[in-house]
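See structure below.
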Amino acid sequence: MGAAVAAMVLVAPPAAAVPTATTVAVQGTAGTTCPVTVTAKVTPTPTGGTVEFRDGNTVIGAAAAVTADGTASVNHTFTTTGARVITAKFNGAKDFDVSTSAALTVNVGMGLNLGSICLPIG
């Protein structure tokens, strides 16, 4: 007669993803025709991932890769004046959770783009 063999396999549960926080800022003159840089900062710094930027419900540009310092940026030119609500959503990465910034209100005025300089008018 043959002997029965039994084996026990232990499987560790997957490690919990690290919670993240995302902030958003706009650098430059917020005027129509004036390009600005919209930047997100993800903490703690993930290993990869992308950030999606929105102006209200409208996506701004393509998803931007998170760099080694935890930032992601996109250039944007506002086409209308008024209060714009900007958010940044980190889409997560291996072992890092998704997070969305608080809304940042940017007041966009009329702008005059002179090429090397952009001036608010009005």
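Every number here is computed from the coordinates shown, using simple stated rules; none is lab data. The shown structure was predicted, so the numbers you read here are calculated from the model rather than taken from an experiment. Note: ideal-geometry Cβ built from the backbone for every residue, glycine included; neighbour counts use all protein chains shown.
Assorted remarks:
- The set of residues from the stretch 17-63 being more than 30 Å from MET110 (Cα to Cα), part of a loop (DSSP other than H, G, I, E, B) and hydroxyl-bearing (Ser, Thr, Tyr) comprises THR20, THR45, THR47.
- If you go through the stretch 113-122 and keep only what is loosely packed, with under 12 Cβ neighbours inside 10 Å, in contact with a strand residue (DSSP E or B) (Cβ under 9 Å, 6 or more places away or on another chain) and on the phi < 0 side of the Ramachandran plot, you end up with just ILE121.
- If you filter the stretch 36-77 down to residues that are small (Gly, Ala, Ser) and in contact (Cβ under 8 Å) with a residue 40 or more places away in the chain, you find that the one that is farthest from PHE90 (Cα to Cα) is GLY48.
- VAL59 being more than 18 Å from THR23 (Cβ to Cβ) and within 14 Å of the chain's Cα centre (by Cα): yes
- Output for the stretch 95-115, where each listed residue is over 20 Å from THR23 (Cα atoms) and not aliphatic (A, V, I, L, M): GLY109, GLY111, ASN113, GLY115
- Selection of first residues in the stretch 100-119 that are in contact (Cβ under 8 Å) with a residue 12 or more places away in the chain and of second residues that are of a type in the set (Phe, Trp, Tyr), restricted to Cβ pairs under 7 Å at least 6 apart or on distinct chains, gives the following pairs, ordered by first then second residue: VAL108/PHE78.
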